[in-house]
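The values are calculated or read from the model by the stated rules, or taken from the named source; none is laboratory data. Computed from a predicted structure; not experimentally measured. Glycine gets a Cβ as well: all are built from the backbone with ideal geometry, and neighbour counts include every protein chain shown.
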Amino acid sequence: MQALHSKKIAVSCQGITKTFGEGANSVQALQGIDLEVMVGELLMLVGPSGCGKTTLISVIAGILDRTEGSCIVFDEDMQGMDTSRRTRFRGENIGFVFQAYNLLPTLTALENVAVPLLILGRPRKQALIRAREVLGQLQFDNRMMLSLPKDLSGGQQQRVALGRAVVHKPRLIVCDEPTSALDHVTGLKVMELLRGVALQEERALVVVTHDARIFNFADRIARMDDGRIKSFEQNGVNHDS
């Protein structure tokens with residue numbers, strides 16, 4: 001693993017809180033999160049269900065607005081952008097792998113992976129060529145590429161979602177349980193692909209996971225509980241927050 005002190009900051013979170021609801025029914029999902037993710041780093045967020053991991057990555061990716069604090073991604077604050085500019089920034093810079101996949105049911109696997117490129121205005125032929133290349137890396141054959149999501153297994157759908165997240169070569173990739181539906185061998189191959197992406201120049205990767213089998217792919221592990229980051233582990237050494 002490369003030393004972090006020589007790297008640029010990809011994501012800087014300071015004092016982030018997120019509250020859902022109002023008054024007596026409000027729930028504070030994040031309670032003062034301080035976190036930096038470095039360019040070239042693969043950071044994993046681990047912790048029990050309901051501790052705020054998915055909420056945090058949704059704030060980082062610009063899907064949810066924070067309640068308080070600051071979140072700067074590649075020197076930009078998405079919460080200060082209008083809808084059009086935020087959509088464009090996310091489309092150019094962020095790939096998100098949803099735990100529920102969120103594939104478009106009427107499109108083939110190949111077309112689903114090509115969607116980010118089409119949204120960015122790439123020619124359809126060029127987008128499909130790139131999508132085919134990515135799915136090939138994820139061990140999809142021709143038949144699988146032309147299948148609809150309903151005809152694919154859960155693990156295959158998850159690989160399509162991963163392909164869609166990396167196809168446009170975003171600078172930040174955010175993954176929610178990317179190996180949860182995969183067998184051990186396939187999960188390791190997927191993490192090798194993501195690890196390679198994270199190590200490329202000007203890119204970073206944040207992974208939410210419960211899968212201890214993939215912890216060794218991380219540069220750092222941030223352990224969360226009750227909406228807070230409790231500790232960091234780097235190169236096997238525990239650092240309390």
Which pairs have Cβ atoms under 8 Å, sit 6 or more apart or on different chains, and link a residue in the range 29-54 that is farther than 16 Å from Arg66 by Cα to one that is crowded, with 19+ Cβ neighbours inside 10 Å and among the polar types (S, T, N, Q)?
-> Met44/Thr209; Leu45/Thr209; Val46/Thr209
Can we say Glu92 is acidic (Asp, Glu), in contact with a Ser or Thr (Cβ under 8 Å, 6 or more places away or on another chain) and touching a residue at least 24 places away in the same chain (Cβ under 8 Å)?
-> no
Name the strands (runs of 3 or more DSSP E) wholly within the range 135-241 that hold at least 3 residues that are over 20 Å from Phe98 (Cβ atoms)?
-> 220-225, 228-234, 237-240
Out of curiosity, is Asp77 without any contact (Cβ under 8 Å) to a residue 12 or more places away in the chain, touching a strand residue (DSSP E or B) at 6+ places or on another chain (Cβ under 8 Å) and within 26 Å of Ile33 (Cα to Cα)?
-> yes
Sort out which residues of the range 167-185 are surrounded by fewer than 24 Cβ atoms within 10 Å (Cβ to Cβ), within 22 Å of Ala114 (Cβ to Cβ) and of a type in the set (Val, Ile, Thr), and write them in order of number.
-> Val167
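Only one of Leu104, Leu128 is at pLDDT 90 or above, surrounded by fewer than 21 Cβ atoms within 10 Å (Cβ to Cβ) and either among the aromatic types (Phe, Trp, Tyr) or not in a helix (DSSP H, G or I) (or both). Can you tell me which? First the steps, then the outcome.
On the way: Leu128 fails: either among the aromatic types (Phe, Trp, Tyr) or not in a helix (DSSP H, G or I) (or both).
Only one candidate passes the filter, namely Leu104.
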What are the residues in the range 201-213 that are in contact (Cβ under 8 Å) with a residue 40 or more places away in the chain and either closer than 21 Å to Ser12 by Cα or of a type in the set (A, V, I, L, M) (or both), if any?
-> Glu201, Glu202, Arg203, Ala204, Leu205, Val206, Val207, Val208, Thr209
State which residue pairs qualify: first residue touching a residue at least 12 places away in the same chain (Cβ under 8 Å) and inside the range 168-182, second residue among the basic types (Lys, Arg) and surrounded by fewer than 23 Cβ atoms within 10 Å (Cβ to Cβ) in any location, beta carbons under 6 Å apart, and separation of 6 or more residues or different chains.
-> Arg171/Arg203
Give the residue that is surrounded by the most Cβ atoms within 10 Å (Cβ to Cβ), with candidates limited to residues of the range 81-93 that are of a type outside the set (D, E, K, R) and in a helix (DSSP H, G or I).
-> Asn93
